[in-house]
Structure formats: C-alpha cells, structure tokens
C-alpha cells in the first residue's frame with residue numbers, strides 16, 4: 001500500500017523507523033528487531049539508507065522483509081554518494097521487490113568527499129524528479145521544523161522544501177523535534193508558502209544523554225528547557241533516563257494528536273522495547 005493512501009485515510013497513524021546493520025553478520029539481529037516492531041502493527045516501517053549509503057546494500061533486503069510481514073515498507077534512498085547509475089539500479093531493485101514507497105534524501109556529505117561530481121545529484125529535488133520518472137512510486141522527503149543545519153535562513157529552507165514538493169513529493173517527514181510549538185509554527189509557515197502535502201511528525205524517544213548531545217550536534221535541533229531539565233536530572237541514571245524519555249515522547253505524541261497532527265513517526269533507534277512501550281501508552285488513543 002502507498003503511504004499517501006495511509007495518510008489520506010484521516011485516521012491517526014503511528015509508524016516506525018529501523019536502520020540496517022553496519023556489518024553483514026548483524027543482519028539477523030536487525031531482522032529480529034523488525035519482526036518485533038512489526039508485531040506492534042505500525043502503519044508502516046521505514047528503513048534507512050545509512051550515512052553515505054554505507055548500509056545501503058541491506059536497505060532493500062530489510063524493506064522486503066518488512067513487506068513480507070504485511071507492513072508497508074518505506075525505503076530511504078540517499079543520493080549524496082551515489083551515481084545516477086547506482087540510483088537507477090536501486091530503483092529497479094525496489095520495483096522487483098514490490099516496494100512502492102521511497103523517502104528521497106540528499107544525505108549528509110561525508111568529510112573529505114568532493115560533492116557533487118558530474119554523475120551525482122546535487123539536491124534532493126533532483127532525486128525526487130528521477131524517482132518520479134522511474135515509475136509509480138509514492139515519494140516522501142525530509143523537512144526540518146528547526147531549519148536545516150546547513151541553511152542560515154528558515155525562509156530559504158522552506159523555499160527548498162517547496163522545490164521538492166513541486167518536483168513530485170507526496171508527503172513529508174520531519175526531522176526530530178522536542179518542542180511541539182516549533183512544529184506548529186513550521187506547519188503554518190509551509191502552508192503559507194503553498195505546501196499542502198501531508199506532514200508526518202518525527203519523534204525521537206531519547207533514552208540516554210550521550211544520544212541527545214550527538215543528535216543536537218548533527219541536526220541543529222534545539223532543546224526546550226523542560227527537556228533539558230530531564231536530561232540534566234537523569235543523565236547518570238540509565239533506566240530513569242529511558243523511562244523519562246519514553247514518557248516525554250508519549251506526551252509529545254498525545255499533544256500532537258490532540259492538536260490535529262494525525263501522522264506520527266517514531267525514530268526507534270532499533271529498540272523494539274521503546275517502540276512497544278510508546279505504543280502501549282497510546283493504545284486507547286490510536287485504537
């Protein structure tokens with residue numbers, strides 16, 4: 001099933017993200033993670049492509065596993081380190097595995113890598129057009145409520161986002177955020193610019209303090225004082241931090257749903273127990 005159909009149902013949907021293993025020997029472990037998360041009946045499961053395409057060889061394989069479990073799969077596709085020939089080959093592989101949902105991303109430029117080369121894409125909107133031309137895919141793209149870390153002005157960032165939507169995006173998925181007011185403000189701003197495709201809210205349950213420091217350094221995501229207080233209080237108590245992180249994410253989701261944001265995407269970090277606990281907390285809300 002196409003994700004655009006799922007999001008167009010008008011129902012509250014909760015989906016999850018998993019990432020492939022860095023080493024082939026860990027593939028079976030990730031497949032077990034997928035099976036466990038699939039047992040919670042997410043609306044769909046997205047599978048990342050890996051930094052610089054580093055785990056891309058397993059993305060299609062795991063996405064195919066997801067679909068065999070009866071869950072729609074969303075395969076990430078990153079173009080930053082891929083030639084146009086490589087992208088064409090991956091799209092063909094997706095077709096052969098009956099995967100019809102693709103999240104089109106430029107990706108982070110690895111240190112020391114010359115970008116772009118003549119046979120590479122420079123922007124995600126170029127990748128969106130290529131996927132659109134390649135077949136009947138449902139195409140998603142990323143958006144950044146806090147603004148993209150490489151973009152100085154938020155209005156410019158929304159302008160680039162409009163280019164992706166105009167190129168053929170069917171829906172958008174947000175970068176993680178920890179202040180819902182940031183998302184609400186972002187949604188008003190993109191609507192004012194003529195962006196009307198569904199937006200899926202990306203939620204990261206933070207379960208350890210090192211994780212949050214790394215995330216904020218990479219993404220430019222800001223932390224509200226309330227969340228900083230939680231991290232400061234429980235950073236040296238792993239189980240307490242995990243419980244508090246799940247509770248905070250649950251509260252975020254409840255507030256979003258209460259305010260009409262019906263599509264939620266949980267960045268699970270391959271932790272089925274975290275996704276399961278949040279789903280349990282929301283059982284009557286999304287049931």
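Points to keep in mind about this one:
- Any hit, the stretch 106-119, residues being within 16 Å of the chain's Cα centre (by Cα), at pLDDT 95 or above and under 26 Å from residue 166 (Cβ atoms): no
- Residues that are loosely packed, with under 14 Cβ neighbours inside 10 Å and either assigned to a helix (DSSP H, G or I) or on the phi < 0 side of the Ramachandran plot (or both) within the stretch 256-287 comprise 258, 259, 273, 280, 283, 284, 285, 287, listed in sequence order.
- Helices (runs of 4 or more DSSP H) wholly inside the stretch 1-93 containing at least 1 residues that are without any contact (Cβ under 8 Å) to a residue 60 or more places away in the chain and touching a helix residue (DSSP H, G or I) at 6+ places or on another chain (Cβ under 7 Å): 27-38, 56-68
- From the list 245, 202, 260, the one residue that fits, being over 26 Å from residue 18 (Cβ atoms) and modelled with pLDDT of 90 or more, is 260.
- Residue check, residue 178 closer than 30 Å to residue 132 by Cβ and in contact with a helix residue (DSSP H, G or I) (Cβ under 8 Å, 6 or more places away or on another chain): no
- If you go through the stretch 124-158 and keep only what is out of contact with any strand residue (DSSP E or B) (no Cβ under 8 Å at 6 or more places or on another chain), at pLDDT 80 or above and assigned to a loop (DSSP other than H, G, I, E, B), you end up with 135, 136, 146.
The values are calculated or read from the model by the stated rules, or taken from the named source; none is laboratory data. As the structure is a computational prediction, the values presented were derived from the model and not from experiment. Using ideal geometry, Cβ is built from the backbone for each residue, glycine included, and neighbour counts are taken over all protein chains shown.
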